[in-house]
Amino acid sequence: MKHAEESAEEQAGGSLAYPWYIVSLCMVAYIFSFIDRQIITLLIQPIRADLQISDTQFSLLHGLAFAMLYATAGIPIARLADSRSRPMIISVGIFVWSLATALCGVAKNFAQLFIARMAVGVGEAALSPAAYSMITDSFPKSKLGLALGVYSSGSFLGGGLAFIIGGAAIALVEQWGAQQVPFIGVVKPWQMTFFIVGLPGLLVAALFILTVKDPERKGLAGTADAQGRVAVHSFSFGDVLRYVGEHRRTFASHYLGFGFMSLALFSLMNWAPAYFLRNFEMSVRDVGLSLGLVVLIGNTAGVLASGWLTDYLTRRGYQDAPMRAGMIGSIGVIIPAALFSQVADFNGTLALLALAMFFASFPLATSAAALQLMAPNQMRAQVTALFFLSMNILGITGGTTLVALCTDYLFQDDVLVGYSMSLISVLGALVGALLLFWGLRAFAQTHREVAEQGA
């Protein structure tokens, strides 16, 4: 097998202005996706009161409803992203999740809101596999970690803005009170919030399809005939599963290691609003502002630092650089995550949570960089989708629901949600670090094989 085209590394001397535009617009889309995904965390109190549900039921709305189709729909969408127009796939995805977020605002009961959240997950499944693939085809390997780090920072810019803008929007619509909307009926403040954050995403969908050109695919695996002509391979999902099976230790350590790290991240991020609302007698607006600054500064700095660290270790010759950087982040989570819920002072709690969030954000850039080095170009989106399946089961669903179960059935007190957050995040980070360490040697070997084959 060999290259069908020149590698991106060989083209590193060209201008990277347009590739950085692609990264920037993908990041903007990621920002909108996380705003639409995370806004529900600030609405926990009115949704629970209005729909008469428990913490565990709310965790299903936030976690399982979103993740079940986000994970499973990602696989066929990624199959398309490995061979079809990636900008078109992303644009359609943005349109779907933005409209679905707005539809959350017409939900009248648990089942309707659950279905709307499932639709949000379907739309968002289109973004990252296609974005990772496009960004990888646009940058040399020596700059890939930072590029993916900048893209991945969109998740935390979005998460932070979801808290800040969401908190302000909730305060505003609460002043308006319930509104009578034509064709819909009475819309309560928490429902109006979904309209406000969802509908602007439709403009991003239009901008994406109108301004982004699908980059030329680099590092295509193929077979040369006697005349030197290269026949490019197309990989079915069965081919991808066989490839994963042949490199099972590499993929198991990556998928599970970063999956448990995401469990630590989402157990903190998804329940932080409830923790502060229940323990510090703060308004939704003040909680949103405080947590928004934590996420914007702490998490964004963490994901950029992890991208820089991956590039630094790569330049130092570590072929397992992304896994090694992820392991460092996982270890860094443990102490601050354990301590933040034990501190009575608000500022001390916020500082420890920010430190835990900084390290917990490492997986987003490092896991993405690792995936691009583990497989040929034509299956990268599909192996990414498989990773998101693992990450969503462990991270978004597991991290969100395990905290709720601990609160409802172990500690049996809503106010002790912080104890549940500390317990689940520490266990997730510890297991994640051990799994990544277990896979270092296997990953380096797989990386060498892929490089030799021209991926």
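When you check R448 against the structure, is it open to solvent by less than 40 Å² (accessible area, probe 1.4 Å), among the basic types (K, R) and in a helix (DSSP H, G or I), yes or no?
no
Does F110 count as among the aromatic types (F, W, Y) and open to solvent by 10 Å² or more (accessible area, probe 1.4 Å)?
Taking the combined requirement at face value, the residue satisfies it.
Take G166 and decide whether it is modelled with pLDDT under 90, part of a helix (DSSP H, G or I) and farther than 16 Å from S24 by Cβ.
The answer is yes for G166.
Looking at the stretch 305-408, what helices (runs of 4 or more DSSP H) fall wholly within it and have at least 2 residues that are at pLDDT 85 or above and among the aromatic types (F, W, Y)?
Correct list: 346-360.
Could you tell me whether the stretch 176-185 includes any residue that is among the polar types (S, T, N, Q), farther than 17 Å from G288 by Cβ and open to solvent by less than 20 Å² (accessible area, probe 1.4 Å)?
Among the residues of the stretch 176-185, not one is among the polar types (S, T, N, Q), farther than 17 Å from G288 by Cβ and open to solvent by less than 20 Å² (accessible area, probe 1.4 Å), which makes the answer no.
Show the residue pairs meeting these rules: Cβ distance below 7 Å; 6+ apart or different chains; first residue within the stretch 316-344 and closer than 26 Å to L416 by Cβ; second residue part of a helix (DSSP H, G or I) and polar (S, T, N, Q).
Close Cβ pairs (under 7 Å, with a partner that is part of a helix (DSSP H, G or I) and polar (S, T, N, Q)) amount to V333/S425; A337/S422; A337/S425; A338/S422; F340/T349; F340/S422; S341/S422; V343/T349.
Answer yes or no: is there a residue in the stretch 388-402 that is among the aromatic types (F, W, Y), open to solvent by less than 20 Å² (accessible area, probe 1.4 Å), under 13 Å from the mean Cα position of the chain (by Cα) and over 26 Å from L293 (Cα atoms).
yes
Here's a check for you: in the stretch 230-282, which residue that is in contact with a strand residue (DSSP E or B) (Cβ under 9 Å, 6 or more places away or on another chain) and in contact (Cβ under 8 Å) with a residue 40 or more places away in the chain is nearest to N299 (Cα to Cα)?
The selected residue is F235.
Filter the stretch 52-76 for residues that are under 12 Å from E124 (Cβ atoms) and in a loop (DSSP other than H, G, I, E, B) and give the result.
A73
Which of the residues that make up the stretch 77-99 are assigned to a helix (DSSP H, G or I), open to solvent by 50 Å² or more (accessible area, probe 1.4 Å) and either at pLDDT below 85 or of a type in the set (D, E, K, R) (or both)?
Step one: of the stretch 77-99, the residues assigned to a helix (DSSP H, G or I) are 77-81, 86-99.
Narrowing the set further to residues that are open to solvent by 50 Å² or more (accessible area, probe 1.4 Å) leaves 79-80, 88, 92, 95-96, 99.
Result: R79, L80.
Going through the stretch 89-108 one residue at a time, which ones are touching an Asp or Glu at 6+ places or on another chain (Cβ under 8 Å) and farther than 18 Å from T193 by Cα?
Hit for the stretch 89-108 is G93, nothing else.
Of S54, S138, S83, which residue is under 30 Å from V287 (Cα atoms) and over 17 Å from the mean Cα position of the chain (by Cα)?
Matching residue, one of S54, S138, S83: S54.
Within the stretch 382-421, track down each residue that is among the small types (G, A, S) and touching a Leu at 6+ places or on another chain (Cβ under 8 Å). Working first, answer last.
Filtering the stretch 382-421 down to residues among the small types (G, A, S) leaves 385, 390, 395, 398-399, 404, 418, 420.
Answer for the stretch 382-421, where residues must be among the small types (G, A, S) and touching a Leu at 6+ places or on another chain (Cβ under 8 Å): S390, G395, G398, G399, S420.
In the stretch 269-304, which residue that is within 14 Å of the chain's Cα centre (by Cα) and closer than 20 Å to H62 by Cβ is surrounded by the most Cβ atoms within 10 Å (Cβ to Cβ)?
Among them, the one singled out is M269.
If a residue must be surrounded by fewer than 23 Cβ atoms within 10 Å (Cβ to Cβ) and not hydroxyl-bearing (S, T, Y), how many such residues does the stretch 136-156 contain?
Total meeting the criteria: 6.
Check whether at least one residue in the stretch 30-50 is among the acidic types (D, E), in a helix (DSSP H, G or I) and open to solvent by 10 Å² or more (accessible area, probe 1.4 Å), and report yes or no.
Yes.
Among the residues of the stretch 1-40, which ones are at pLDDT 50 or above and of a type in the set (D, E, K, R)?
Result: D36, R37.
The values are calculated or read from the model by the stated rules, or taken from the named source; none is laboratory data. Since we're looking at a predicted model, the values are computed, not measured. Here Cβ is always computed from backbone atoms with ideal geometry, including for glycine, and neighbour counts include all displayed protein chains. These area figures cover heavy atoms from the full protein model, side chains too; ligands, DNA and RNA do not enter into them. Shrake-Rupley method; radii C 1.70, N 1.55, O 1.52, S 1.80 Å.
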